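Okay, so here's the structure we're looking at.
The values are calculated or read from the model by the stated rules, or taken from the named source; none is laboratory data. Just so we're clear, the structure is a prediction, and the values are computed from it rather than from any experiment. No Cβ is skipped: glycine too gets one built from the backbone with ideal geometry, and neighbour counts run over all protein chains shown. To get the accessible areas, we keep the full protein, side chains included, count just its heavy atoms, and leave off ligands, DNA and RNA. Shrake-Rupley method; radii C 1.70, N 1.55, O 1.52, S 1.80 Å.
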Amino acid sequence: METEVSLILRDVSYIKRGSCVGVERGALAILAQGDKLNLALGDFDSVTPDEFTLIEARTSALKRYPSRKNESDSELAIAWCLDQGVRRIHVYGALNERLDHHHVNVGLAYAHPEVILYNETNKIQAYIEGTHLIKQEDYRYFSVFSYDEAVISLIDFSYPLNHVSIHLDTRFTVSNQWQKKDAQLVVHRGKVLVYLSK
């Protein structure tokens, strides 16, 4: 397995980065886009028998799980990628459909900085201690939050911060903007979750 993977969770458009792993209907999205399906994974309760036959015939590998389990399909897929040594997991289809799954997927991104969640207007990624270059790309807003306590500085943003403590109840870190195309996030202590939004 490559060090970078596109993990597709449902029937959504995506940008291919590395190998393609499809969860349930995400496997069909990969096949529809004409990319190689390196792994299909899930309990496959959301596909028809004919669709499952197609997935089974066209995938390089298949991992089928029982419908009754303690983990979500996205959690199993991310765990599998991490076990394979994948260092960057680009996840599409994790946001907006079911809010309970949305919540779980954002929590998985916070737990695993290797995971980046995308939809049409957002990119969500966790950052650990260190200095991180945050490129504006085609995003307009930068927001940063923490489930725990973190100490951060923001450089070259419209609202700079210098060694400020943030935690679960912090809300003033929403909807910041870039002063330069490349700005810096410094995490002095803890871990943060960054939202880039259009």
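Looking only at residues in the stretch 54-69 that are open to solvent by 80 Å² or more (accessible area, probe 1.4 Å) and either under 18 Å from residue 15 (Cβ atoms) or not small (Gly, Ala, Ser) (or both), the one that is modelled with the lowest pLDDT is 68. For beta carbons closer than 6 Å, sequence separation of 6+ or different chains, a first residue in the stretch 129-154 that is closer than 14 Å to residue 191 by Cα and polar (S, T, N, Q) and a second that is open to solvent by 70 Å² or more (accessible area, probe 1.4 Å) and modelled with pLDDT under 95, there are no qualifying pairs. Residues in the stretch 70-97 that are polar (S, T, N, Q) and closer than 20 Å to residue 12 by Cβ were compared, and the one that is modelled with the lowest pLDDT is 96. Here residue 41 passes the criteria (1) open to solvent by less than 50 Å² (accessible area, probe 1.4 Å); (2) among the aliphatic types (A, V, I, L, M); (3) under 15 Å from the mean Cα position of the chain (by Cα) except the one numbered (3).
Filter the stretch 161-175 for residues that are open to solvent by 50 Å² or more (accessible area, probe 1.4 Å) and closer than 13 Å to residue 142 by Cα and give the result. Across the stretch 161-175, the qualifying residues are 171, 172, 174, 175.
The residues of the stretch 118-135 that are in contact with a strand residue (DSSP E or B) (Cβ under 9 Å, 6 or more places away or on another chain), assigned to a loop (DSSP other than H, G, I, E, B) and open to solvent by 40 Å² or more (accessible area, probe 1.4 Å), listed by number, are 121, 128, 129.
Looking only at the stretch 98-115, decide whether some residue is at pLDDT 95 or above, under 23 Å from residue 12 (Cβ atoms) and assigned to a strand (DSSP E or B). Within the stretch 98-115 (the criterion being at pLDDT 95 or above, under 23 Å from residue 12 (Cβ atoms) and assigned to a strand (DSSP E or B)), the answer is yes, since at least one residue qualifies. Restricting 194, 186 to those that are within 15 Å of residue 125 (Cβ to Cβ), under 22 Å from the mean Cα position of the chain (by Cα), surrounded by 15 or more Cβ atoms within 10 Å (Cβ to Cβ) and of a type in the set (A, V, I, L, M) reduces the list to 194. When the stretch 70-84 is filtered for residues that are assigned to a loop (DSSP other than H, G, I, E, B) and open to solvent by 60 Å² or more (accessible area, probe 1.4 Å), the ones remaining, listed by number, are 70, 71, 84.
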